[in-house]
Amino acid sequence: MAKLIANNLYVTTWIFKIDDEYNGRGHAYLNVDNIKSLGELRRKQLEINEELIDKIINILNKQLAKKVKIAMGRLYGNGWNDFLSAFCKVGGVIEAAPTCMSNQMGSPSIAFFIEPDGNVELVGSIDRFAARDYINAGCFFPQQSLPNMNMMTISKSIGEILYEKGIIGHVTVDLVSFPDPTSP
């Protein structure tokens with residue numbers, strides 16, 4: 001985690017996702033702006049080296065349990081310690097959240113079917129919307145957050161790779177859409 005933060009000092013929010021959960025049950029997030037000493041390191045734009053990484057590790061050791069927000073905290077009785085235990089037991093990912101405003105982000109999902117012969121059929125696509133941070137409240141059909149994207153092309157690309165790995169059947173892929181920060 002410390003190396004992720006050190007190498008991506010522009011990232012404000014980090015999301016922890018437990019692999020076998022759904023509907024936000026295994027999500028937690030850390031806004032590094034809420035940790036004053038990390039914010040100061042970000043503003044200084046220091047050179048990334050072992051000393052910086054050690055500083056970040058020390059800061060995280062002291063602050064992480066207090067500053068991480070668990071999307072569905074009631075599922076993890078002892079808070080961060082229970083969440084971290086489940087994360088380590090099951091596995092998961094730590095992802096950088098897009099740096100745009102949350103109202104500019106979309107959450108499209110694509111559903112498709114991989115037939116036994118490898119043919120991929122698009123079932124549909126939706127946009128999810130959240131009631132609270134990282135908790136799905138419902139869906140809109142059809143999806144509008146990726147209006148210029150060909151959902152069949154995306155489905156076929158992913159479906160062909162999954163088929164090569166021996167996977168067939170129904171698949172849903174969740175995506176995140178947001179404006180390109182380098183585009184005017």
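Read the figures in this text as sums done on the coordinates, not as results from a lab. Keep in mind that this is a model prediction, so the values were computed, not measured. Reconstructed Cβ throughout: ideal geometry from the backbone, glycine too, with neighbour counts over all protein chains shown.
Under a Gaussian network description of the chain, with springs only between Cα atoms under 10 Å, the residue in Pro142, Pro98, Pro108 that fluctuates furthest is Pro142. Simple rule: put +1 on each Lys or Arg Cβ and -1 on each Asp or Glu Cβ in the chain, find the dipole, and look at Asn49, Ala111, Ile59; the Cα lying farthest toward the positive end is Ile59. Spin-label model, Asn7/Leu146: points 7 Å from Cα along the beta carbon direction are separated by 2.5 nm. Eigen-decomposition of the gyration tensor built on the alpha-carbon atoms of the range 63-169 gives equivalent ellipsoid semi-axes of 32, 20, 12 angstrom, largest listed first.
Semi-axes of the equivalent ellipsoid for the chain, computed as √(5λ) from the eigenvalues of its C-alpha gyration tensor and ordered from largest down, come to 33, 20, 17 Å. Of the GluC sites (Glu not before Pro) found in the range 1-67, those in coil by DSSP whose Cβ has at most 15 other Cβ atoms within 10 Å are Glu47. Other residues with beta-carbon under 15 Å from the beta-carbon of Pro116 carry, at +1 per Lys or Arg and -1 per Asp or Glu, a net charge of -4. Phi-derived couplings, Karplus 6.51 cos²θ - 1.76 cosθ + 1.60 at θ = phi - 60°, listed residue by residue for the range 125-141: 9, 9, 10, 8, 10, 9, 8, 9, 3, 6, 10, 5, 10, x, 9, 10, 10 Hz, with x used for Gly and Pro.
If R0 is taken as 30 Å, the Cβ-Cβ distance between Ala96 and Asp117 corresponds to a FRET efficiency of 0.20.
Shape verdict for the range 130-184, please, from the Cα gyration tensor: rounded (a/c under 1.5), prolate (a/b greater than b/c) or oblate. Judged from the Cα gyration tensor, the range 130-184 comes out oblate (a/c at least 1.5, b/c at or above a/b). Averaging Cα coordinates gives a centre for the range 110-129 and one for the range 3-24; these two points are 27 Å apart.
Sorted from greatest to least, the principal axis extents spanned by the alpha carbons of the range 1-108 come out as 38, 32, 21 Å. Take the Cα of Glu51, step 7 Å toward its Cβ, do the same at Ser157, and the gap between the two points is 4.3 nm. Working note: 222 nm ellipticity from helices only, DSSP H runs with n ≥ 4, each -39,500 (n - 2.57), summed and divided by the residues of the chain, gives -9500 deg cm²/dmol to the nearest 500.
Taking chymotrypsin sites (Phe, Trp or Tyr not before Pro) as exposed when their DSSP state is a loop state and no more than 11 other Cβ atoms lie within 10 Å, the longest site-free interval of the chain runs over 23-184.
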